[in-house]
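Enquirer: This is the structure I want to talk about, given as C-alpha coordinates.
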Amino acid sequence: MAERAVDLPLHKFWWLHDARWYQGVLKRYGQEAANEINAEAMLFVARRVARWYTARHDVDFEKLPMDEFVDRFKEIPRVMWPEDMTNYQHHAVGPDTFETVVTEHFALKMLKAARSFDSYRCPCLEMRAGWFEGMGLTVEDSRSECMTSGSEVCRFRATVRRTDLDPA
(Lines give C-alpha, C1' and ligand atoms only; values in the text may rest on other atoms or scores of the structure.)
Protein backbone atom coordinates (compact mmCIF):
# COMPACT_ATOMS: atom_id res chain seq x y z
CA MET A 1 0.00 0.00 0.00
CA ALA A 2 1.37 3.42 -0.97
CA GLU A 3 1.88 5.96 1.81
CA ARG A 4 -0.09 9.17 1.62
CA ALA A 5 1.92 12.39 1.31
CA VAL A 6 0.59 13.59 4.67
CA ASP A 7 2.10 10.49 6.33
CA LEU A 8 5.58 11.16 4.95
CA PRO A 9 8.06 13.45 6.77
CA LEU A 10 8.26 15.81 3.78
CA HIS A 11 9.00 18.89 5.89
CA LYS A 12 11.96 17.17 7.50
CA PHE A 13 13.44 16.09 4.18
CA TRP A 14 13.10 19.56 2.64
CA TRP A 15 14.62 21.17 5.69
CA LEU A 16 17.43 18.59 5.58
CA HIS A 17 18.00 19.66 1.98
CA ASP A 18 18.08 23.27 3.12
CA ALA A 19 20.64 22.47 5.81
CA ARG A 20 22.93 20.68 3.36
CA TRP A 21 22.55 23.54 0.89
CA TYR A 22 23.49 26.04 3.61
CA GLN A 23 26.55 23.96 4.51
CA GLY A 24 27.58 23.79 0.84
CA VAL A 25 27.37 27.58 0.44
CA LEU A 26 29.27 28.00 3.70
CA LYS A 27 32.06 25.67 2.56
CA ARG A 28 32.41 27.17 -0.93
CA TYR A 29 31.69 30.87 -0.39
CA GLY A 30 32.01 31.55 3.33
CA GLN A 31 29.83 32.26 6.33
CA GLU A 32 28.83 35.79 5.31
CA ALA A 33 27.47 34.60 1.95
CA ALA A 34 25.68 31.65 3.55
CA ASN A 35 24.01 33.89 6.14
CA GLU A 36 23.03 36.53 3.57
CA ILE A 37 21.54 34.04 1.11
CA ASN A 38 19.79 32.18 3.93
CA ALA A 39 18.10 35.38 5.14
CA GLU A 40 17.00 36.27 1.58
CA ALA A 41 15.55 32.80 1.07
CA MET A 42 13.72 32.88 4.42
CA LEU A 43 12.13 36.24 3.54
CA PHE A 44 10.99 34.91 0.16
CA VAL A 45 9.57 31.62 1.45
CA ALA A 46 7.90 33.22 4.49
CA ARG A 47 6.20 35.82 2.29
CA ARG A 48 4.86 33.08 0.00
CA VAL A 49 3.67 30.94 2.90
CA ALA A 50 1.78 33.85 4.47
CA ARG A 51 0.20 34.88 1.15
CA TRP A 52 -0.90 31.29 0.55
CA TYR A 53 -2.34 30.91 4.05
CA THR A 54 -4.11 34.29 3.98
CA ALA A 55 -5.70 33.61 0.59
CA ARG A 56 -6.59 29.98 1.31
CA HIS A 57 -8.30 30.84 4.59
CA ASP A 58 -9.66 34.23 3.46
CA VAL A 59 -8.24 36.01 6.51
CA ASP A 60 -7.90 39.77 6.89
CA PHE A 61 -5.46 39.92 9.80
CA GLU A 62 -5.71 43.68 10.06
CA LYS A 63 -9.37 43.45 11.12
CA LEU A 64 -8.98 40.71 13.73
CA PRO A 65 -8.90 41.40 17.47
CA MET A 66 -5.43 40.49 18.79
CA ASP A 67 -6.49 37.25 20.51
CA GLU A 68 -8.04 35.96 17.29
CA PHE A 69 -5.10 37.36 15.30
CA VAL A 70 -2.69 35.29 17.41
CA ASP A 71 -4.84 32.15 17.07
CA ARG A 72 -4.78 32.48 13.28
CA PHE A 73 -1.15 33.67 13.03
CA LYS A 74 0.22 30.62 14.85
CA GLU A 75 -0.93 28.46 11.93
CA ILE A 76 1.43 30.23 9.48
CA PRO A 77 4.68 28.91 11.02
CA ARG A 78 3.05 25.45 11.17
CA VAL A 79 2.91 25.47 7.37
CA MET A 80 6.71 25.69 7.42
CA TRP A 81 7.44 23.38 10.40
CA PRO A 82 5.32 20.66 11.96
CA GLU A 83 5.00 20.59 15.74
CA ASP A 84 7.70 17.97 16.26
CA MET A 85 10.34 20.28 14.74
CA THR A 86 9.75 23.41 16.84
CA ASN A 87 8.27 24.60 20.09
CA TYR A 88 6.91 28.14 20.34
CA GLN A 89 4.04 30.10 21.81
CA HIS A 90 2.35 33.32 20.70
CA HIS A 91 0.25 35.44 23.01
CA ALA A 92 -1.39 38.85 22.89
CA VAL A 93 0.12 41.49 25.18
CA GLY A 94 -2.01 44.42 24.01
CA PRO A 95 -4.68 45.40 21.50
CA ASP A 96 -2.16 45.57 18.65
CA THR A 97 0.84 43.73 20.12
CA PHE A 98 1.79 40.09 20.55
CA GLU A 99 4.83 38.20 21.76
CA THR A 100 6.40 35.05 20.40
CA VAL A 101 8.61 32.82 22.54
CA VAL A 102 10.56 30.02 20.87
CA THR A 103 11.92 27.40 23.25
CA GLU A 104 13.12 24.83 20.73
CA HIS A 105 13.95 24.80 17.03
CA PHE A 106 15.37 21.89 15.08
CA ALA A 107 17.53 24.19 12.92
CA LEU A 108 19.60 25.20 15.93
CA LYS A 109 20.21 21.56 16.82
CA MET A 110 21.31 20.90 13.24
CA LEU A 111 23.65 23.90 13.26
CA LYS A 112 25.26 22.70 16.49
CA ALA A 113 25.68 19.20 15.06
CA ALA A 114 27.29 20.65 11.93
CA ARG A 115 29.54 22.90 14.05
CA SER A 116 28.17 26.01 12.31
CA PHE A 117 26.25 27.47 15.24
CA ASP A 118 28.83 30.01 16.40
CA SER A 119 28.97 31.88 13.09
CA TYR A 120 25.32 31.51 12.11
CA ARG A 121 23.30 34.72 11.82
CA CYS A 122 19.70 34.18 12.81
CA PRO A 123 17.30 35.00 9.92
CA CYS A 124 14.18 35.12 12.10
CA LEU A 125 13.48 38.84 11.71
CA GLU A 126 13.68 38.49 7.91
CA MET A 127 11.41 35.44 8.07
CA ARG A 128 8.88 37.26 10.25
CA ALA A 129 9.05 40.32 7.96
CA GLY A 130 8.14 37.99 5.10
CA TRP A 131 5.18 36.61 7.03
CA PHE A 132 3.90 40.09 7.87
CA GLU A 133 4.37 41.32 4.31
CA GLY A 134 2.59 38.24 2.96
CA MET A 135 -0.25 38.93 5.41
CA GLY A 136 -0.51 42.47 4.02
CA LEU A 137 0.52 44.12 7.30
CA THR A 138 2.87 46.82 8.47
CA VAL A 139 4.44 45.58 11.70
CA GLU A 140 7.06 46.87 14.06
CA ASP A 141 8.90 43.71 15.08
CA SER A 142 11.82 43.27 17.43
CA ARG A 143 13.83 40.49 19.00
CA SER A 144 14.79 40.85 22.67
CA GLU A 145 16.38 37.42 23.16
CA CYS A 146 17.93 34.87 20.81
CA MET A 147 19.26 31.39 21.42
CA THR A 148 22.04 32.06 18.88
CA SER A 149 23.31 34.75 21.29
CA GLY A 150 23.24 32.47 24.34
CA SER A 151 19.71 33.08 25.61
CA GLU A 152 17.54 30.22 26.81
CA VAL A 153 14.75 31.26 24.40
CA CYS A 154 14.12 33.45 21.39
CA ARG A 155 11.65 36.23 22.20
CA PHE A 156 9.98 38.56 19.71
CA ARG A 157 7.48 41.37 20.13
CA ALA A 158 5.38 42.57 17.22
CA THR A 159 3.08 45.58 17.04
CA VAL A 160 0.66 45.72 14.14
CA ARG A 161 0.29 49.19 12.60
CA ARG A 162 -3.35 49.00 11.65
CA THR A 163 -4.89 51.26 9.06
CA ASP A 164 -7.42 53.59 10.63
CA LEU A 165 -10.60 51.81 9.54
CA ASP A 166 -12.92 54.43 11.07
CA PRO A 167 -11.70 57.94 10.15
CA ALA A 168 -14.52 59.61 12.15
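Enquirer: Can you count the Lys pairs in the stretch 8-122 with C-alpha separation below 30 Å, eight or more apart or on different chains?
Expert: 9
Enquirer: Find the all-direction average of the projected area of the Cα convex hull for the chain, expressing the result in square nanometres with one decimal place.
Expert: Its average projected convex-hull area is 11.6 nm².
Enquirer: What ranking do 96-102, 116-122 get when scored by the average of other Cβ atoms within 10 Å per residue, highest first?
Expert: Final packing ranking: 96-102, 116-122.
Enquirer: Given a 1.4 angstrom probe, what's the average accessible area per residue across the stretch 27-77, in square angstrom?
Expert: 61
Enquirer: Now for a different question. Quickly work out the residue 63-to-residue 23 label distance, labels modelled 7 Å from Cα along the C-beta direction, and quote it in nm with one decimal.
Expert: If labels sit at residue 23 and residue 63, their model points lie 4.8 nm apart.
Enquirer: A further question on this structure: With the chain treated as a Gaussian network of Cα nodes joined by springs under 10 Å, which of 72, 20, 28 yields the largest mean-square fluctuation?
Expert: The residue that fluctuates most here is 28.
Enquirer: Using a probe radius of 1.4 Å on heavy atoms only, what accessible surface per residue do you get for the stretch 82-137? Whole Å² is fine.
Expert: For the stretch 82-137, the per-residue accessible area is 48 Å².
Enquirer: Report, to the nearest whole %, how much of the accessible area of the stretch 81-168 belongs to carbon and sulfur atoms, 1.4 Å probe, protein only.
Expert: 48
The values are calculated or read from the model by the stated rules, or taken from the named source; none is laboratory data. Worth saying up front: this structure is predicted, and the values here are computed from it rather than measured. Methodologically, a virtual Cβ is constructed for each residue, glycine included, from the backbone with ideal geometry; neighbour enumeration extends over all protein chains shown. Keep in mind that these areas ignore ligands, DNA and RNA; they rest on the heavy atoms of the full protein, side chains included. Shrake-Rupley method; radii C 1.70, N 1.55, O 1.52, S 1.80 Å.
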